[in-house]
Amino acid sequence: MEVPEIQPGLQQKFIDVNGEMGREWIAAFPALLRSFIERWDIVELGDTFGYVGYAWVAPVRLRDGTEAVLKLAPPDKEYANEGIAMRLYDGRGAARLIDGDSEAVALLLERLRPGTTLAEVEDDVEATETGARAMAKLFRPLPEEHAFPTVERWGGAFARVREANGGGCGGFPPELFEPAERIYFEMCASQGTPVLLHGDLHHWNILRAEREPWLVIDPKGLAGEPAYETAAFLRNKADIEPDSAALAHRRIAQMSEVIGLDKQRVLRWAFAAGVLSALWTFEDHGEISERNIVLPRALRASI
């Protein structure tokens, strides 16, 4: 079986994020891929999927006829946590983990057919209902001993940005940064019992399937209260209607009702975590576009 090269764009992502370690991983990739082809008895390797973030992901077929998805990435705790989260989901509401290797960061996952995403559903009320119901299936008690990051730890970006900018927020809009920093840690301090969260549950991570109508992929694995989980969904496709504030408030009310969450906590997390997400982009690139902060701007007057 011919072993493909990693696409140039994905190679550059690995180097941008991992530096020299990324270069070394790219060089070792052919041998790594061959080892898992042999280990998991893969007899057919398809073309890699389109947008896959920061991992190499391709459909495969095993010798026994099973269709699966192979995911390989440089050593990274985020992807190791993905495998742990998938084991805890055990196929309930999410794609099944067939096998995994956390040390090598390799996952063999259930192939979802047809695999189209919730982003293709044009009716936003229907999409929000579907997203909320998918979300509600995933909340799990955290194991007593776990290595998942907490929402508090994720919030460390606020301090990092201040440290890098002499105590300020540099070129990030202060009218968003300052209230978001305060609200984020108020919410952390007052949150309920933390559970296992997906951490990045949005339209592109909810796929049509056969075993269930919709199943979830690509969990980050995060410890926090359920209301936090809504934030990623709410900030995606936040500009599909002319009145972004009206759209955000309608979605917040809908998701809160479907899942059974406190609407005010959902709103405040959506604002603060929306700013946090933009801060990660700001840290990586030194700037953000207005599209990165559509949701926080839409909610600013309501917090």
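The values are calculated or read from the model by the stated rules, or taken from the named source; none is laboratory data. As the structure is a prediction and not an experimental result, all values here were calculated from the model. With ideal geometry, Cβ positions are generated from the backbone for all residues, glycine too; neighbour counts draw on all protein chains shown. Note: accessible area is taken over every heavy atom of the protein model, side chains too, but ligands, DNA and RNA are not part of it. Shrake-Rupley method; radii C 1.70, N 1.55, O 1.52, S 1.80 Å.
Tabulated data
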| quantity | calculated |
| --- | --- |
| Residue pairs meeting the criteria (Cβ under 8 Å; at least 6 apart or on separate chains; first within 24 Å of Gly115 (Cβ to Cβ), in the stretch 186-212; second assigned to a helix (DSSP H, G or I) and among the acidic types (Asp, Glu)) | Leu197/Glu229; His198/Glu229; Gly199/Glu229; Leu201/Glu229 |
| Among (1) without any contact (Cβ under 8 Å) to a residue 12 or more places away in the chain; (2) farther than 24 Å from Ala248 by Cβ; (3) small (Gly, Ala, Ser); (4) open to solvent by 50 Å² or more (accessible area, probe 1.4 Å) - the single one Gly156 does not satisfy | (4) |
| 2 or more residues of a type in the set (Phe, Trp, Tyr) and open to solvent by less than 40 Å² (accessible area, probe 1.4 Å): qualifying helices (runs of 4 or more DSSP H) within the stretch 226-303 | 226-235, 263-285 |
| Odd one out for Asp284, checked against (1) of a type in the set (D, E, K, R); (2) modelled with pLDDT under 95; (3) over 21 Å from the mean Cα position of the chain (by Cα) | (3) |
| The one condition in (1) free of Cβ contacts under 8 Å to residues at least 12 places away in the same chain; (2) in contact with a helix residue (DSSP H, G or I) (Cβ under 6 Å, 6 or more places away or on another chain) that Glu20 fails to fulfil | (2) |
| Tabulated pairs, the stretch 66-94, first farther than 14 Å from Gly199 by Cβ, second open to solvent by 10 Å² or more (accessible area, probe 1.4 Å) and among the basic types (Lys, Arg), C-beta under 6 angstrom, 6+ apart or interchain | Glu67/Arg61; Glu67/Arg111; Ala68/Arg111; Val69/Arg111; Gly93/Lys137 |
| Top-ranked residue of the stretch 119-153 - restricted to ones that are open to solvent by 30 Å² or more (accessible area, probe 1.4 Å), in contact with a Pro (Cβ under 9 Å, 6 or more places away or on another chain) and in a loop (DSSP other than H, G, I, E, B), ranked as nearest to Leu261 (Cα to Cα) | Phe139 |
| In the stretch 99-118, residue most open to solvent (accessible area, probe 1.4 Å) [restricted to those that are farther than 26 Å from Lys237 by Cβ and assigned to a loop (DSSP other than H, G, I, E, B)] | Glu103 |
